[in-house]
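Novice: The following block contains the structure, expressed as structure tokens.
The values are calculated or read from the model by the stated rules, or taken from the named source; none is laboratory data. Just so you know, these numbers come straight off a predicted model, no measurement behind them. Here the Cβ is made from the backbone with ideal geometry for all residues, glycine too, and neighbour counts use every protein chain on show. When the accessible area is computed, the model is the full protein with side chains, heavy atoms only, and any ligands, DNA or RNA have been set aside. Shrake-Rupley method; radii C 1.70, N 1.55, O 1.52, S 1.80 Å.
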Amino acid sequence: MELQKVRPADIEKRSFEIITEILGENQPDPAVEHIVKRVIHTTADFEYAENLFISPDAEKSFAEAIQNGGVIITDTKMALSGISKPALAKFGAEVQCFISDPDVAAEAKEREITRAAVCMEKAAKLNRPLIFALGNAPTALVRVCELVKEGTLKPALVIGVPVGFVNVIESKEMLMETDVPKIVARGRKGGSNVAAAICNAMLYHMGGRRGGPAANSPRPQ
């Protein structure tokens, strides 16, 4: 097999061209193709063309929150590291993760619940527009859904893409039952890299660019 000769600056552009070619007649809705194709680009998994649910109000709500100095809350440091800080800085927004905070660890131990769940409670107290990008912990997504149902949390967007086996599908079904703007990877697939890719896709779209991941975006090796 002959290697393709592609300049470094053109690798991503060519990657998206290949994705489009492979999708063939199964192209995503043009309104959300930048999200779907970036997730495929990050994972090399074409099943995301079918299993990503994106509510009609998701991207608009994301953009409004970011433009108003919102905070993206992640459940892992990996997702935090993968979301483009320069793109967020353009709008005065930021990303935070509380999973390593000593107070979170102490409370989780005392209550015998996961740190991820406590992180969501801590985030809910912030007086800023909140976007949750959850790619790892179903317990985080469950707690967000509970807080929404209790009326103590009204997020701008919930990206529910935890990966795994225990309560993963169930947590996503809980999110689907809420009326909040949402993006969900139905089934067991997902991950921190997927959560970061979704955020970056929308951030780049806000900035008028379809490609160009952050230098530290997670990639399969």
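Novice: Over all distinct alpha-carbon pairs, what is the Kirkwood Rh of the range 41-81 in angstrom?
Specialist: Kirkwood radius, the range 41-81: 12.7 Å.
Novice: Accessible area per residue for the chain in Å², computed with a 1.4 Å probe and the full protein assembly in place, what is it?
Specialist: Accessible surface, normalised per residue, equals 50 Å².
Novice: Which values, in whole Å and largest first, are the semi-axes of the equivalent ellipsoid of the range 90-174 obtained as the square root of 5 times each eigenvalue of the Cα gyration tensor?
Specialist: Details: eigenvalues 71, 58, 33 Å².
Output for the range 90-174: semi-axes of 19, 17, 13 Å.
Novice: Something else now. Using only the alpha-carbon atoms, what does the range 1-40 span along each of its principal axes? Please give whole angstrom values in decreasing order.
Specialist: 32, 21, 13
Novice: Could I ask something else about it? In the full protein assembly as shown, how much of Val184 is accessible to a 1.4 Å probe, in Å² to the nearest 10?
Specialist: Approximately 0 Å² of Val184 is accessible to the 1.4 Å probe.
Novice: While we're here: ³J(HN,Hα) across the range 191-204 via Karplus (A = 6.51, B = -1.76, C = 1.60, θ = phi - 60°), whole Hz, x for Gly/Pro?
Specialist: x, 4, 5, 5, 4, 5, 4, 5, 4, 5, 4, 6, 5, 5
Novice: Further question: Report, to two decimal places, the Cα Rg of the chain normalised by 2.2 N^0.38 Å (N = number of residues).
Specialist: Against the compact-globule rule of thumb, the ratio is 1.00.
Novice: Starting at the first residue of the range 101-116, write each ³J(HN,Hα) from the Karplus equation 6.51 cos²θ - 1.76 cosθ + 1.60 with θ = phi - 60°, in whole Hz, x for Gly and Pro.
Specialist: Karplus-based 3J(HN,Hα) across the range 101-116 equals 5, x, 5, 5, 4, 5, 5, 4, 5, 5, 8, 6, 10, 6, 4, 4 Hz.
Novice: Continuing with this model, one more query. What figure in square angstrom, to the nearest 10, would you give for the accessible area of His34 with a 1.4 Å probe?
Specialist: The accessible area of His34 comes to roughly 10 Å².
Novice: Here's another thing I want to ask about it. If packing is taken as the average count of other Cβ atoms within 10 Å, what order do 104-111, 25-32, 89-96 fall into, highest mean first?
Specialist: Order by mean packing, descending: 89-96, 104-111, 25-32.
Novice: List, in order, the whole-Hz ³J(HN,Hα) value for each residue of the range 86-91 obtained from phi through the Karplus relation with A = 6.51, B = -1.76, C = 1.60 and θ = phi - 60°; use x for Gly and Pro.
Specialist: Going residue by residue, I get x, 5, 5, 4, 4, 10 Hz, with x marking Gly and Pro.
Novice: Once you keep just the Cα pairs under 8 angstrom separated by 6 or more residues, what percentage relative contact order results for the range 1-122?
Specialist: 15 percent
Novice: OK, next. Please quote Rg/Rh for the range 21-151 to two decimal places, taking the Kirkwood radius as Rh and restricting both calculations to Cα atoms.
Specialist: So for the range 21-151, dividing Rg by the Kirkwood Rh gives 1.01.
Novice: Related question: Working with all protein chains in place, sort Leu3, Leu153 by solvent-accessible area computed with a 1.4 Å probe, largest first.
Specialist: Result of the area sort, largest leading: Leu3, Leu153.
Novice: Percent relative contact order of the chain, based on C-alpha pairs within less than 8 angstrom and at least six residues apart?
Specialist: Relative contact order of the chain: 25 percent.
Novice: Okay, moving on. Ignoring everything except DSSP H segments at least 4 long, calculate the 222 nm mean residue ellipticity for the chain; use -39,500 (n - 2.57) per segment, divide by total residues, nearest 500.
Specialist: Only helices count here, giving -14000 deg cm²/dmol.
Novice: Something else about it: Residue farthest toward the positive end of the dipole of the chain, with Cβ of Lys/Arg at +1 and Asp/Glu at -1: which of His34, Asn193, Gly69?
Specialist: Farthest towards the positive pole: Gly69.
Novice: Can you send over the carbon and sulfur percentage of the accessible area for the range 23-95, probe radius 1.4 Å, protein chains only?
Specialist: The C+S portion of the solvent-accessible surface of the range 23-95 is 53 percent.
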